[in-house]
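Structure first, commentary second.
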Amino acid sequence: MTTRLPAILLLNAAGLAIFFSWYIPADHGFWFPLDSGLFHFFNQALAKSEAFLWLVAITNNRAFDGCSLLAMGCLMLSFWLKEDKTGRRRILIIGLVMLLAAVIINQLAQHLMPVKRASPSLSFPNINRVSELLHIPTKDASKDSFPGDHPVSSRQLTVHHGRKLTVRRAISVSCCWS
């Protein structure tokens, strides 16, 4: 049996270093120009491409959250169906722990971390908002968008499925939910 402890410690240290490089400096250090540039690049594309506008509108609709949850459930079900009685119980417990952990992490992060970060669509002037371009309800603005529930859930799904899938497939599954 090989141990992955050095890799786990290194990846956790890298994650903490990235977080604190964003959290500690005023105006988020070198991350703000990068974040701002990416936001403006994709925001301008909303006005240029009808297909991209619809893609963003569909994926930022509340109904899509349900589809995402259903897809994660189907993935969990696919593993559950392959297991015996003990394995099924283990997967059910893992699913419940993932759900509980997502709620706890999200609540703790919102209450313990003094980070209030509005959506970029509320922070920058002269931007394109999907709900104004298409006149359909979307989640294109939030007064507090940190931390999001989708990244928390997708990372937990990645950790769980990283044990069952190859690392590359687990990360690709995670990226689909973010």
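Listed by first and then second residue, the pairs with beta-carbon distance under 6 Å, at least 6 apart or on different chains, first residue in the stretch 58-79 and at positive phi and surrounded by fewer than 14 Cβ atoms within 10 Å (Cβ to Cβ), second at pLDDT 80 or above and among the charged types (D, E, K, R), form an empty list.
On the basis of being at pLDDT 75 or above, among the hydroxyl-bearing types (Ser, Thr, Tyr) and not in a loop (DSSP other than H, G, I, E, B), does SER131 make the cut? Full working, then the answer.
Details: at pLDDT 75 or above: yes; among the hydroxyl-bearing types (Ser, Thr, Tyr): yes; not in a loop (DSSP other than H, G, I, E, B): yes.
When the stated conditions are applied, SER131 passes them.
Taking the conditions exactly as written (surrounded by fewer than 12 Cβ atoms within 10 Å (Cβ to Cβ) and aromatic (Phe, Trp, Tyr)), does PHE19 satisfy them or not? In short, yes. The residue of the stretch 22-57 that is surrounded by the fewest Cβ atoms within 10 Å (Cβ to Cβ), among those that are part of a helix (DSSP H, G or I) and on the phi > 0 side of the Ramachandran plot, is ASP27. Looking for something at pLDDT 80 or above and either of a type outside the set (Ser, Thr, Tyr) or surrounded by 13 or more Cβ atoms within 10 Å (Cβ to Cβ) (or both) - is there at least one such residue anywhere in the stretch 100-123? Yes, that holds for at least one residue.
Residues of the stretch 1-48 that are modelled with pLDDT of 85 or more and of a type in the set (S, T, N, Q): ASN12, SER21, SER36, ASN43, GLN44. One residue alone among ASP149, ASP140 is modelled with pLDDT of 70 or more, of a type outside the set (Lys, Arg) and either more than 20 Å from ASN43 (Cβ to Cβ) or out of contact with any Phe, Trp or Tyr (no Cβ under 8 Å at 6 or more places or on another chain) (or both), and that residue is ASP140. Pairs linking a residue in the stretch 17-38 that is under 20 Å from ALA109 (Cα atoms) and in contact (Cβ under 8 Å) with a residue 12 or more places away in the chain to a residue that is of a type in the set (A, V, I, L, M, F, W, C) and outside any helix (DSSP H, G or I), with Cβ atoms under 8 Å and 6 or more positions apart or on different chains, are TYR23/VAL115.
Please go through the stretch 41-90 and give me each residue that is of a type in the set (Val, Ile, Thr) and within 15 Å of SER131 (Cα to Cα), ordered by number. Walk me through how you get there before you give the answer.
Residues of the stretch 41-90 that are of a type in the set (Val, Ile, Thr), as a first pass: 56, 58-59, 86.
Hits for the stretch 41-90 are VAL56, ILE58, THR59.
The values are calculated or read from the model by the stated rules, or taken from the named source; none is laboratory data. Everything quoted here is computed from the prediction, not taken from an experiment. Cβ coordinates were reconstructed from backbone atoms using ideal geometry, including for glycine residues, and neighbour counts include every protein chain displayed.
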